[in-house]
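Visitor: Input: one structure, supplied below.
The values are calculated or read from the model by the stated rules, or taken from the named source; none is laboratory data. Everything numeric here is computed off the predicted structure, so don't read it as measured data. Methodologically, a virtual Cβ is constructed for each residue, glycine included, from the backbone with ideal geometry; neighbour enumeration extends over all protein chains shown.
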């Protein structure tokens, strides 16, 4: 799968996060064996969340504020 933004900078912490790291953080919440039956749905949800987050957290194209 090709992503337009392979890494993002998290707001607040300034940490760079890759898609793989994002997936790891996201899926960590669903470690319960009962969630295994919904793995496909969770993977689909993770993909949607990543793409929505990249829309929100796009790299800035211009410096903002007083110049």
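Visitor: Considering only the range 29-44, I want to know if a residue exists there that is surrounded by 11 or more Cβ atoms within 10 Å (Cβ to Cβ), at pLDDT 85 or above and under 10 Å from the mean Cα position of the chain (by Cα).
Guide: Scanning the range 29-44 turns up no residue that is surrounded by 11 or more Cβ atoms within 10 Å (Cβ to Cβ), at pLDDT 85 or above and under 10 Å from the mean Cα position of the chain (by Cα).
Visitor: Now for a different question. Could you list, ordered by first residue, the pairs with Cβ atoms under 6 Å in which the first is in the range 42-65 and outside any loop (DSSP other than H, G, I, E, B) and the second is modelled with pLDDT of 60 or more, at least 6 apart or interchain?
Guide: Pairs that qualify, where the first residue is outside any loop (DSSP other than H, G, I, E, B) and the partner is modelled with pLDDT of 60 or more, are 42/30; 46/23; 46/26; 50/22.
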